Structures are given as C-alpha cells and as structure tokens.
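**Q** I have a structure here, written as structure tokens, and I will follow up with some questions on it.
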Amino acid sequence: MPTTASPPPTADDSVMAVFDTHSSERVFAGVVATVRVDEVQMPGGDVARREVVEHALAVAVVAVDDLDRVILIEQYRHPLGHRLWELPAGLMDVAEEPALLAVQRELGEETGLAAARWDLLVDLAVSPGFTTEAVRVFLARQLSEVGRQGAIQHEEADLRMVRVPLAEAVAAVLDGRIVNASAVAGILAADRALSGAHPLRPAGEPWTSGPAIESADRPDLTPDPHW
C-alpha cells in the first residue's frame with residue numbers, strides 16, 4: 001500500500017528545531033581564528049557537541065598574463081612545515097572592504113601587479129565540517145606592474161613568484177604538486193572558463209550570503225531548487 005510523505009515541519013520559534021543550537025561557548029580566541037563549542041539539536045532528539053573554528057573570509061586570484069601564464073607564489077606554511085604553490089591570496093580583514101577591493105589589494109601586496117579586467121570564478125567552503133572559513137576566487141587579466149604594495153613582513157618576505165603556462169598549472173594540480181585548495185579550484189575553474197565553456201559572474205557581485213557563508217540566525221534547511 002503506498003504511503004504518503006509527512007509534511008515538512010513548520011517553523012516554530014518556541015520549539016528547538018533540528019540543528020538549532022542549544023548553547024555555544026567560546027573556548028579560544030586567537031589572532032586568526034576563534035574556537036567555539038556548540039551543543040546542537042540532532043535528528044531523533046539527540047544533542048551533539050560540535051567544535052567550530054571561526055575564521056575570517058578570504059580572497060584569492062588566478063592572475064593570467066597576455067601569454068596565458070598564471071601567477072603562482074611559493075609560500076611557507078607552518079602547519080604543514082614546508083612551502084606550497086599557491087595563488088595570491090589573503091584575508092578580508094579590513095572592515096567593510098568588499099571582496100573585489102580586498103583581492104585587488106592582495107594582488108598588489110604579494111606580486112606587485114594590478115589588473116584591468118576582473119571576473120568572479122568560484123566560492124569555496126574550505127572545510128565546512130569544522131570551520132566557517134570560505135574563499136572567493138577571482139580571475140584577473142590585463143596585468144601591469146605597479147611594484148609590491150604595503151608592508152612586506154613575516155612569510156610574505158620569503159615569497160617566490162613565477163609565471164607558469166596555465167596548462168602546466170593544470171597538470172601540476174592533477175599531478176598532486178599543487179594542493180592548496182583555492183589554487184586547485186581556481187586553476188581548474190580558470191582553465192574551463194577561459195576555454196569558453198561557462199560564463200563568469202561579475203567580479204563586483206556582493207559576498208554577504210550564499211552557500212559558502214555561515215547562516216546568520218537559525219539554520220537554513222532550504223533544499224537546493226536546482227537538483
């Protein structure tokens with residue numbers, strides 16, 4: 001005998017819904033990240049503890065010159081204990097600064113380059129199982145030299161910049177030599193976009209909400225309408 005699906009639960013602020021947070025305690029506050037422990041309502045009535053690393057949003061850029069070479073930087077990453085090939089990137093740590101201005105600033109600070117043409121490539125939720133960190137990756141073209149901008153210190157004083165044909169960068173991703181998440185996603189997305197396979201979003205599109213951004217209040221459990 002066929003069964004009829006139960007209707008979805010209605011919103012009721014007086015009742016804790018699935019994935020609502022019962023309590024939240026901040027257990028560590030650092031310069032780059034903050035850690036909190038949430039008690040979260042689970043399906044079936046259980047309450048589970050979830051450790052969340054709060055991290056500022058970040059930006060990165062696939063900068064491609066007139067010879068179809070991508071700008072890569074080699075930078076030391078202490079948690080892994082060695083250098084990685086990465087895209088020019090940085091935190092959105094200037095108050096009220098839009099993502100596009102942030103990435104333009106980072107490109108100048110790390111490479112001494114500016115770009116006349118900007119497009120939006122991809123948004124990344126870096127590791128949503130435990131952190132709010134997200135990265136917006138841009139595509140920059142029509143590059144020009146402006147000299148490195150801002151203070152150069154710490155790991156940034158050790159940067160090495162190269163220009164690599166985009167096809168070689170794609171091969172390095174697939175060979176496992178480029179492993180930084182934003183670099184992997186950005187290089188593969190740029191390769192597809194520059195082939196004309198998919199239109200790009202405008203670079204100035206605001207980044208205050210969306211799948212990569214933490215929901216502000218109660219959990220948003222709206223199903224994706226596309227699939």
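The values are calculated or read from the model by the stated rules, or taken from the named source; none is laboratory data. Please read all numbers here as calculations on a predicted model, not as lab measurements. Cβ: placed from backbone, ideal geometry, glycine included. Neighbour counts: every protein chain shown.
**Q** Quick one: would you say S195 is hydroxyl-bearing (S, T, Y), over 22 Å from P79 (Cβ atoms) and outside the structural domain of A89 (by TED's automatic domain parsing)? Lay out the reasoning, then the answer.
**A** Numbers: hydroxyl-bearing (S, T, Y): yes; over 22 Å from P79 (Cβ atoms): yes; outside the structural domain of A89 (by TED's automatic domain parsing): no.
Judged against the criteria, S195 is not a match.
**Q** Restricting to segment 123-137, count the residues that are in contact with a Gly (Cβ under 8 Å, 6 or more places away or on another chain) and surrounded by 22 or more Cβ atoms within 10 Å (Cβ to Cβ). First the steps, then the outcome.
**A** From segment 123-137, those in contact with a Gly (Cβ under 8 Å, 6 or more places away or on another chain) are 123, 137; that's our starting set.
Still in the running and surrounded by 22 or more Cβ atoms within 10 Å (Cβ to Cβ): 137.
Residues flagged as in contact with a Gly (Cβ under 8 Å, 6 or more places away or on another chain) and surrounded by 22 or more Cβ atoms within 10 Å (Cβ to Cβ) within segment 123-137 amount to 1.
**Q** Which condition number does G108 fail, the rest of (1) more than 18 Å from the chain's Cα centre (by Cα); (2) closer than 22 Å to A33 by Cα; (3) in contact (Cβ under 8 Å) with a residue 12 or more places away in the chain being met?
**A** Here G108 meets the rest and fails (2).
**Q** Check R218, R163, R141 and return the single one that is in contact (Cβ under 8 Å) with a residue 12 or more places away in the chain, surrounded by 12 or more Cβ atoms within 10 Å (Cβ to Cβ) and under 22 Å from Q75 (Cα atoms). First the steps, then the outcome.
**A** Numbers: R218 fails: under 22 Å from Q75 (Cα atoms); R141 fails: under 22 Å from Q75 (Cα atoms).
Among R218, R163, R141, only R163 is in contact (Cβ under 8 Å) with a residue 12 or more places away in the chain, surrounded by 12 or more Cβ atoms within 10 Å (Cβ to Cβ) and under 22 Å from Q75 (Cα atoms).
**Q** So R26 fits all but one of (1) surrounded by 10 or more Cβ atoms within 10 Å (Cβ to Cβ); (2) assigned to a loop (DSSP other than H, G, I, E, B); what number is the exception?
**A** (2)
**Q** Right, another one. Quick one: in segment 34-46, of everything that is exposed (fewer than 14 other Cβ atoms within 10 Å of the Cβ) and in contact (Cβ under 8 Å) with a residue 24 or more places away in the chain, which residue is farthest from T21 (Cα to Cα)?
**A** Looking at residues that are exposed (fewer than 14 other Cβ atoms within 10 Å of the Cβ) and in contact (Cβ under 8 Å) with a residue 24 or more places away in the chain, I get P43.
**Q** Answer yes or no as to whether A169 is under 19 Å from E74 (Cα atoms) and buried (at least 18 other Cβ atoms within 10 Å of the Cβ).
**A** Details: under 19 Å from E74 (Cα atoms): yes; buried (at least 18 other Cβ atoms within 10 Å of the Cβ): yes.
Yes: the conditions hold for A169.
**Q** From the residues in segment 130-150 that are small (G, A, S) and in a strand (DSSP E or B), which one is nearest to P202 (Cα to Cα)? Before the answer, list the steps.
**A** Start the filter on segment 130-150 by keeping residues that are small (G, A, S), which leaves 134, 140, 144, 147, 150.
Filter once more, keeping what is in a strand (DSSP E or B): 134, 140, 144.
Working: A134: 19, A140: 12, S144: 21 Å.
Among residues in segment 130-150 that are small (G, A, S) and in a strand (DSSP E or B), the one nearest to P202 (Cα to Cα) is A140.
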